[in-house]
Amino acid sequence: MALAIADPRMAELVGRFGRLPETKRTRGRPRDPYGALVRAVVGQQLSTKAAATIYGRVADLYGGDTPTPAELLATEGQTLRDAGLSWRKVEYLRDLARRVESGELELDRLDELSDAEVIAEITAVKGFGVWTAEVFLMLHLRRPDVLPAGDLGIRQAMKNLYELDELPDRAEAERIAEPWRPHRSLACLYLWESLGNAPA
């Protein structure tokens, strides 16, 4: 594997975990872009387990499926709140639904855009930051060379792997990851795996 050849420390992780199965890459997320973004909002600032539980409750309101934008906009905010969403996340989901419904956010064409353009499109939605956009690029669009350098888990795993005295800042994380190009997305999956952790 080119990733292991490029960095002996990364080779340790690859050797420890072997080839990551498909389930490690998708993390149980919906396969359509809208569903993936809805799931991303639900998971913000939650553990993976808590995010999955709340997402399940929301989906149960719609027969076990991700609500369409129209369904979401037609649902009372309190109903979504009762499923476990904060009022802020209800607001974020409504803004996402409105943008998709109006055509302002054209999800079907995101895979035609560059990484930077996808990030710009997604971060225009209320409540969606660069980290959410980067994880969407990695896990949904399968872009091979994304590094969410601000991710605390990535930085903690780097600290462990390279036996650093403190967490690397963004610049140091980017320097460490430079040899992994053009496979930084895969490297991040291994780093999350080393913590037994992943984006919620």
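Could you tell me whether residue 144 is open to solvent by less than 60 Å² (accessible area, probe 1.4 Å), free of Cβ contacts under 8 Å to residues at least 60 places away in the same chain and either in contact with a helix residue (DSSP H, G or I) (Cβ under 8 Å, 6 or more places away or on another chain) or outside any helix (DSSP H, G or I) (or both)? No.
When the stretch 147-192 is limited to residues that are of a type in the set (Asp, Glu) and touching a residue at least 24 places away in the same chain (Cβ under 8 Å), the one that is surrounded by the most Cβ atoms within 10 Å (Cβ to Cβ) turns out to be 151.
Which of the residues spanning the stretch 21-42 are open to solvent by less than 30 Å² (accessible area, probe 1.4 Å) and at pLDDT below 85? Those that are open to solvent by less than 30 Å² (accessible area, probe 1.4 Å) and at pLDDT below 85: 26, 30.
Checked against (1) modelled with pLDDT of 95 or more; (2) of a type outside the set (D, E, K, R); (3) within 13 Å of residue 37 (Cα to Cα), residue 107 passes all but condition (1). Which of the residues spanning the stretch 147-199 are assigned to a loop (DSSP other than H, G, I, E, B) and either of a type in the set (A, V, I, L, M, F, W, C) or touching a Gly at 6+ places or on another chain (Cβ under 8 Å) (or both)? Within the stretch 147-199, 147, 149, 164, 167, 197, 198, 199 meet the criteria. Tell me, please, whether a residue that is among the hydroxyl-bearing types (Ser, Thr, Tyr), on the phi < 0 side of the Ramachandran plot, surrounded by fewer than 18 Cβ atoms within 10 Å (Cβ to Cβ) and touching a Leu at 6+ places or on another chain (Cβ under 9 Å) can be found in the stretch 96-112. Within the stretch 96-112, none of the residues are among the hydroxyl-bearing types (Ser, Thr, Tyr), on the phi < 0 side of the Ramachandran plot, surrounded by fewer than 18 Cβ atoms within 10 Å (Cβ to Cβ) and touching a Leu at 6+ places or on another chain (Cβ under 9 Å).
State whether the residues of the stretch 108-116 include one that is free of Cβ contacts under 8 Å to residues at least 12 places away in the same chain and polar (S, T, N, Q). Scanning the stretch 108-116, I find at least one residue that is free of Cβ contacts under 8 Å to residues at least 12 places away in the same chain and polar (S, T, N, Q), so the answer is yes. Looking at 105, 3, just one residue is touching a residue at least 40 places away in the same chain (Cβ under 8 Å) and either within 21 Å of the chain's Cα centre (by Cα) or closer than 30 Å to residue 159 by Cα (or both), and that residue is 3.
Does any residue of the stretch 117-124 turn out to be over 17 Å from the mean Cα position of the chain (by Cα), at pLDDT 95 or above, not in a loop (DSSP other than H, G, I, E, B) and not small (Gly, Ala, Ser)? Checking the stretch 117-124: not a single residue is over 17 Å from the mean Cα position of the chain (by Cα), at pLDDT 95 or above, not in a loop (DSSP other than H, G, I, E, B) and not small (Gly, Ala, Ser).
The values are calculated or read from the model by the stated rules, or taken from the named source; none is laboratory data. Since we're looking at a predicted model, the values are computed, not measured. Cβ sites come from the backbone with ideal geometry, for glycine too, and all protein chains shown count toward neighbours. Ligands, DNA and RNA are stripped out before the accessible areas are found, and what is left, the full protein with its side chains, is counted by its heavy atoms. Shrake-Rupley method; radii C 1.70, N 1.55, O 1.52, S 1.80 Å.
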